[in-house]
Amino acid sequence: MAAIVRISSVCHRGVKLQFYRSSLLAQHLVTQQKDQDRSYLLTARIHGSSSLRAGSVSKAASLHWTGERVVSVLLLAMGPAAYYFPGPAIDYSLAAALTLHGHWGLGQVLTDYVHGEPKIKMANAGLFLLSTVTFAGLCYFNYNDVGICKAVALLWSK
């Protein structure tokens, strides 16, 4: 998208684009001015991606995306582990992973559907409160009751 905007900013000045090779490298564009018949070489840097300009922000987003995928895969693996090896370690791991997975998922919903600075701040505060209460409630349930693994087993046994 950035390449199209950059090319269009060159083209509207009377320069016609003759060919376009791969992006992300310095490109030599042969152009011809409308009022003259001579061709000249125009060197431009065309970026097909914003990651070159974003720097550490894109690295953090990439790590966050990877973390979301790791937690999702861990949740898939914790199902059989909770069935075969129920215990406090799995219970607390499930509490943390489920809360984190839900927090990130609802955070994406808020990002997509909540607009306006004060609304975003209130929604994020509510999300942090909800995630904190969820994690505290699951930990309380694990400590003072049968735990997540045995609770699910009890639901299936009846």
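Share of carbon and sulfur in the accessible area of segment 117-158 stands at 72%, probe radius 1.4 Å.
Rounded to the nearest Å, what's the spacing between the alpha carbon centres of segment 57-78 and segment 98-158? Just the number, please. About 17 Å separates the Cα centre of segment 57-78 from the one of segment 98-158.
The values are calculated or read from the model by the stated rules, or taken from the named source; none is laboratory data. Owing to the predicted nature of the structure, the values given are computational and were not obtained by experimental measurement. All accessible areas refer to the heavy atoms of the entire protein, side chains included, with ligands and DNA or RNA removed. Shrake-Rupley method; radii C 1.70, N 1.55, O 1.52, S 1.80 Å.
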